[in-house]
Amino acid sequence: MGVEGIGARVARKEDKRFITGRGRYVDDVKIVGLTHAHFIRSPHAHAKVKGIDASAAKDMPGVVDVLTAQQLVDDKIGNLICGWAVSSKDGTPMKMGAWPAMAPDTVRFVGQAVAVVIAETKNQAKDAAEAVVVTYEELPAVSSMTAALASGAPQLHPEAPGNVVYDWAIGDEKLTNDAFSKAANVVSLDLTNNRLVPNAMEPRAAVAEYDEAEEHFTLHTTSQNPHVARLVLSAFYNVAQEHKLRVIAPDVGGGFGSKIFIYPEEMVALWASKKVRRPVKWTGDRTEAFLTDAHGRDHISHAEMAFDANNKILGLRVKTHANFGAYMSLFSSSVPTYLYATLLSGQYNIPTIYAEVMGVYTNTTPVDAYRGAGRPEASYLVERLMETSARQLKVDPAELRRLNFVTQFPHQTPVIMAYDIGDFGASLDAALKAIDYAGFPARKAKAKAAGKLRGLGFSCYIEACGIAPSKAVGSLGAGVGLWESAEVRVNPVGTIEVLTGSHSHGQGHETTFAQLVADRLGISVDQVQIVHGDTDKVQFGMGTYGSRSAAVGMSAIFKAMEKVEAKAKKIAAHLLEASEGDIVIENGEFKVAGTDKAIALPMVALAAYTAHNLPDGMEPGLKEGAFYDPTNFTFPAGAYICEVEIDPGTGKTDIVDFVAVDDFGRLINPMIVEGQVHGGLAQGIGQAMLESAIYDDNGQPVTASFMDYAMPRADDVPSFRVSHTTTLCPGNPLGVKGCGEAGAIGSSPAVINAITDALGHNKIEMPATPGRVWEALQLQQAAE
Amino acid sequence: MYETTYHRPASIDEAAALFAKHPEAKYLAGGHTLIPVMKQRLAAPSDVIDLAKIKDLIGIEATSDALIIKAATTYYDITQSAAAKKAIPAIVHLTSVLGDPAVRYRGTVGGSIANNDPAADYPAAVLALNATIKTNKREIKGDDFFQGLFSTALEEDEIITSVSFPIPAKAGYAKMRHPASRFALTAVFVAQTKSGEVRVAATGASQSGVMRVPAIEAALKANWSAGALDGVKISADGLMGDIHGSAEYRANLIKVMAQRAVDAAG
C-alpha cells in the first residue's frame, strides 16, 4: 500500500474545481439556440383544472410555445411510476393514484405543474406565465394524515378509497401479542417523525436537446442515477427510446436522496425539446425546490415494548402512519416498509416484532427517500423507546441497552434482516468513555447551580446499507436489481480510467475510488481518473444512494481490478520469462518475487496494446469490466451520546458535547468518512431541533423558504467528537459497510433523549425548538 | 424580476431628483428586503435608485452627547467603529448579532428603520434611545417615527440621511434569534438616559412592530436590576404567535431578554 492507498487521508481530488468555482453543473450547460422553461404551478392544494387559456401568452415577446398537460396526454406520455410494489396485509396491491407530469384535470398539491412556457429567456417565460389564465375549481383539501383518514374526508384518488396507499404489516402478530401478555412491564410511546425538505445546495435542473436527424435526445440533469433516469424515461414514459437517449449528470451539488427520482420537470423538458425543436433548459429556484423536491420522513407512530422481570425485551409492537403526500414517488412505497420496519430490531435481541404501516395520501408534496430513508424513522422509534424504557424501569440506559444487545453473529432478526457482524458493546464502551459518563452527575449539578438544565441522551443505532442483494429486493417487490458495475481501462501509457455506475454528488468518489486502484497497484491517485455520470461513457449502473457506493460500487471496481491484474500478470510473466504465479505487484511494478526482475505497469500496458509480444492466444488490450451483486445488506452501527444544556428562560438548547462512535468496517479515506459523519449529524440535529415542513389546514405550505424553514447553520451544531470501532464486513471483498447516512440516522434520537432527560419528561416532539422546549418546561412547572 | 432601470446617484439631491422624475421608483439601500421581493416579482419598481454609494450618507461620528450614524453606513462598518464602541457599546453589540456576515457587509441602518420590519433589530435601539432621524427634509424623533408594521413617518420620496442616538447612561440589548431568519424572535433594548429616564423597547414580539414596554420601564425606574423584573408579568395580548413561538412564549421572552439586557448594560 502506498501513501495514497486504502486508509490514507488523501485530500479530495475533485475539490480543486469545486472550491475554485470551476465545477460544471447542469445550469452551466450552454447550447446554441437554448430556450428556457418556466412552469405554471397550482396555487391550490386540491382543485379541478377547468381550463387553460394561453392565447395571450403565446403572443408575448420571446415566447416559443406554451405547452399544457393535455398535450402530454395527446402525445401518450406515460404517468410517473412507483418502482417498488408493496402489498397490503390482505394481499391487495398498493393503490397508486395516476400522476401525470403536468395535471390535465386535477391538481393535488400546491406547486403541481399544469403547463409550461418555453421562451427565449427565463424572464420572458416568467412574463408570459403571468398571462396564462388557468381556471381552477377549488376542492376541499386534506393536509394531515388525521384529516385524510377521517370519515367523509375529501378523496384524492379514485384508485385509493379512504386515501389509503396500503395497510401493510411485517412480523408475527400472534407471537408478539403472546409476548406482551406474558410481559412483566410494557413501555409505550407515541411519536412524530417530522417532515423534512432535502434542500440540496444545487436545485434540480435539466437541459434537454433533441437531434431531429438522429432522432436522438440528450438530457443533462441533476441525477444521482443517470442510467436509472434513462431507463425510466424510456421504458415507462414513452418520451425517448433507451438507445436514443443520453443522460448526463455532470457535477451535482448534493442530493440526499432527492435526486434519485425522475420528476415531472425533467421529463417535460425532454418532451418539450422535441416539441419546440429547440434545446430546453429548466433550472428550479429555491421555492420550486421547497414545493416539488420529494420531502422526507413524516411518520406518526405508536410503539410498545414488552420486558420480562429481568428487563430483557420480549417483543415490540408498532403502528405507524406514513404520509405519502399527493402521489407515490419513485421509491416511496419501500421507504416506510422495507427500509423502515426491517430495522425495528435495532441493536437488540427482540424475539418477536409486529409492525403495521398504513400509507396515507394527503394534499402535500410527495414524500420519498431522504438521507437515511426509513432507517432514521426506525432508529428514532427504537432509541426513544429504549431511553423511555430505561427511565420507566429505573435502569441505567446504557445498561438496559447492553443487557439486550445482539452479541452473536450472524443474527437473524424477526423482521427479515440478518445482521452479519458487529460489536455494539465496543462502540457503546468507547462512547461512554469519550463523554465521561461517570462525570455526568457532577456536570449536571454544576449546570443546575448556574441555572441550566443539563441532560444526556443515547442512541445505539443500526442501519442497513450496501443496498442491495438484487434477488432479495426483487422478492420484496423492487422493480430493479441493486448491483453495481465497473470497468477498469488501463491506457497504453499505464494511466487508468475507472468507469463506475456509482454517481458522486459530493461524496468524493473521484478520490476514494482512485485510492482503491492506487492501493492495489502501488501507484499515485493522480494516475487514476474516475469517470461517472454519463450514459454514453459508462456502462449501465445503478447509481448512488443508500450508502451503497463503497460496499457495492467499489466492490465492482475491486472485481474488475482483479481481472485486470490477472491479465497484466500473465503479460508481465511472459515478458519477464517467469511463472505467472511468481508475479507480485508493488509500487507500480510487476516483480518476480524474490528476484530483482521487474517491469513497470506502463510497459505492461504498452505491451498489451502493441500486441507485438503477448502470450499465445491472448487478446490485445487491458480493460476489464465487472458487475457486483452483494450477497447481503451491510450493517453500519454505532453509539452516539449527546449532552445538552437548556436555558430555562428561553428554552434554548445548546449541544455542549456530542460523541459519535461508528463502526463502518474498513475506512477507505478517514477524512472523507469524518466529513460524511459531520454532515449526517448536522442533518439529524437539524431534524431534532430546527427543521419542519408545515402545511396549514388548506394544504398551503407555511415553510416554503429559508425565512421560515430553519436549516442548521454552522453555529447550530457543536464541534463533533467522532471516532470508530471496527468490525470488518464479511459480505464484500473490501470489508466496508458505508458511512453516508449514519449520522442522520443515529443523531436525532440522541438529541431528543438528551432534551427529555434535561426536561424530566417525554412530552416534546421534533423539532425541539426553543419555543417548544419552553412550553414543555411550563407543562412541567404546572405539574409541579 | 421585472425589468427595471438602475441608478447610482452621487449625491442626495441627485437621488431625490431622480425619484421626483420617476414616480414608480424605489430607493435601494442594502437591498435585503427590496431585492428578494423584486426577484419574487412581488415588487416592480420602474427605477431603482441606489443610495448605498452616496458619500454623504456614509460615516460615523460621536460627540459628547450623541452617536451619529449616517444612513447608508453598513452594519459591518458600525461593528468596526471605535467611536461607536466607545459611545454606545450596546448598539455595536446589536449590530454584531444582526443577520449574518453577508448581511452585515451590505445592510444599512437607514434601510433597516425605513423598512421597519416588525422583527428588525435597529428599530428597538431607535425607539429605546428616542434617536433623532434626520432626513433630506426634516428631523423626526424616534417616538414619532415608527407607525406599525412596515410603516413609518417617512414620506414616499424622503431619504434618511443619518440617525443620531443620544448617548445614554446605560444601555443593553439582548436578542433571542429567530431560528430560521435570524431576525429577532424577540429582542429588547433597555436604556437609562443621562437624565435618569428609563426606556425599554421590544422588537419581534408585537403584532404592530417595535413597542415600548411600560411595565418593565416602571420596574427598572424603581430599581435598575434584572432581579427587579422577576415579578413583572407581560401580557400576551397583541403579541405574535407562529410556528416558531407562541404569544405566551414571546411575552416570556420580553421579560427574559429585558433582564439580560439590563445585565449587559451593567
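The values are calculated or read from the model by the stated rules, or taken from the named source; none is laboratory data. Nothing here was measured: the structure is a model prediction, and the numbers come from that model. Cβ sites come from the backbone with ideal geometry, for glycine too, and all protein chains shown count toward neighbours.
The table for this structure:
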read-out: Selection count, region A:196-224, where residues are under 23 Å from residue A:39 (Cβ atoms) and within 22 Å of the chain's Cα centre (by Cα); value: 15
read-out: Some residue of region B:210-222 being in contact with a strand residue (DSSP E or B) (Cβ under 8 Å, 6 or more places away or on another chain) and within 14 Å of another protein chain (Cβ to nearest Cβ); value: no
read-out: Qualifying residue in region B:187-200 (condition: touching a residue at least 60 places away in the same chain (Cβ under 8 Å), within 14 Å of chain A (Cβ to nearest Cβ) and of a type outside the set (D, E, K, R)); value: yes
read-out: Helices (runs of 4 or more DSSP H) contained in region A:330-437 and holding at least 1 residues touching a Pro at 6+ places or on another chain (Cβ under 9 Å), closer than 28 Å to residue A:180 by Cα and of a type in the set (Ser, Thr, Tyr); value: A:375-393
read-out: Residue among A:736, A:702 that is touching a residue at least 24 places away in the same chain (Cβ under 8 Å) and among the hydrophobic types (A, V, I, L, M, F, W, C); value: A:736
read-out: Spans of strands (runs of 3 or more DSSP E) in region A:569-656 with at least 2 residues within 14 Å of chain B (Cβ to nearest Cβ) and under 30 Å from residue B:186 (Cβ atoms); value: A:637-647
read-out: Residue that is under 19 Å from residue B:127 (Cα atoms) and within 23 Å of the chain's Cα centre (by Cα), where the choices are B:257, B:240; value: B:257
read-out: Identity of the residue in region A:280-312, in contact with a helix residue (DSSP H, G or I) (Cβ under 9 Å, 6 or more places away or on another chain) and of a type in the set (A, V, I, L, M, F, W, C), that ends up nearest to residue A:64 (Cα to Cα); value: A:280
read-out: Residues of region A:339-366 that turn out to be farther than 26 Å from residue A:637 by Cα, crowded, with 24+ Cβ neighbours inside 10 Å and aliphatic (A, V, I, L, M), as a count; value: 1
read-out: Condition met for residue A:86 (at pLDDT 95 or above, touching a helix residue (DSSP H, G or I) at 6+ places or on another chain (Cβ under 6 Å), more than 25 Å from residue B:2 (Cβ to Cβ) and β-branched (Val, Ile, Thr)); value: yes
read-out: Within region A:708-739, considering residues that are hydrophobic (A, V, I, L, M, F, W, C) and within 14 Å of another protein chain (Cβ to nearest Cβ), the one farthest from residue A:410 (Cα to Cα); value: A:710
read-out: Lone unmet requirement of (1) within 14 Å of another protein chain (Cβ to nearest Cβ); (2) in contact with a Pro (Cβ under 7 Å, 6 or more places away or on another chain) for residue A:682; value: (1)
read-out: Some residue of region A:296-311 being under 20 Å from the mean Cα position of the chain (by Cα), under 30 Å from residue A:28 (Cα atoms) and modelled with pLDDT of 95 or more; value: yes
read-out: Matching strands (runs of 3 or more DSSP E) fully within region A:25-85 where at least 2 residues are small (Gly, Ala, Ser); value: A:47-53
read-out: Hey, residue A:688 under 24 Å from the mean Cα position of the chain (by Cα), surrounded by 21 or more Cβ atoms within 10 Å (Cβ to Cβ), part of a helix (DSSP H, G or I) and among the hydrophobic types (A, V, I, L, M, F, W, C) or not; value: yes
read-out: Pairs where the first residue, in region A:474-490, is at positive phi and the second is part of a loop (DSSP other than H, G, I, E, B) and at pLDDT 95 or above, C-beta under 7 Å, 6+ apart; value: A:477/A:85; A:477/A:86
read-out: Conditions (1) surrounded by 19 or more Cβ atoms within 10 Å (Cβ to Cβ); (2) small (Gly, Ala, Ser); (3) more than 24 Å from residue B:234 (Cβ to Cβ): number failed by residue B:187; value: (3)
read-out: Selection from region B:182-215 of residues that are in a loop (DSSP other than H, G, I, E, B) and over 16 Å from the mean Cα position of the chain (by Cα); value: B:193, B:194, B:195, B:196, B:197, B:207, B:213
read-out: Yes/no for residue A:251 being outside any helix (DSSP H, G or I), surrounded by 23 or more Cβ atoms within 10 Å (Cβ to Cβ) and acidic (Asp, Glu); value: no
read-out: Subset of region B:238-257 that is under 22 Å from residue B:149 (Cβ atoms) and in a helix (DSSP H, G or I) - its residue that is nearest to the other protein chains (Cβ to nearest Cβ); value: B:249
read-out: Residue within region B:162-172 that is in a strand (DSSP E or B), under 11 Å from the mean Cα position of the chain (by Cα), within 15 Å of residue B:66 (Cα to Cα) and not acidic (Asp, Glu) present; value: yes
read-out: Out of A:704, A:742, sole residue that is buried (at least 19 other Cβ atoms within 10 Å of the Cβ) and within 14 Å of chain B (Cβ to nearest Cβ); value: A:704
read-out: Condition check for residue B:111: within 14 Å of chain A (Cβ to nearest Cβ) and touching a residue at least 60 places away in the same chain (Cβ under 8 Å); value: no
read-out: Output for region B:219-237, where each listed residue is within 13 Å of residue B:254 (Cα to Cα) and part of a helix (DSSP H, G or I); value: B:226, B:229
read-out: Filter result for the condition that a residue is touching an Asp or Glu at 6+ places or on another chain (Cβ under 9 Å) and at positive phi, over A:651, A:686, A:665, A:621; value: A:651
read-out: Flag for residue A:489 being surrounded by fewer than 22 Cβ atoms within 10 Å (Cβ to Cβ), over 24 Å from the mean Cα position of the chain (by Cα) and part of a strand (DSSP E or B); value: yes
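A quick yes/no check of all residues on (1) out of contact with any Gly (no Cβ under 6 Å at 6 or more places or on another chain); (2) within 14 Å of chain A (Cβ to nearest Cβ); (3) loosely packed, with under 14 Cβ neighbours inside 10 Å:
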position	(1), (2), (3)
B:4	yes, yes, no
B:8	yes, no, no
B:14	yes, no, no
B:20	yes, no, yes
B:24	yes, no, yes
B:46	yes, no, yes
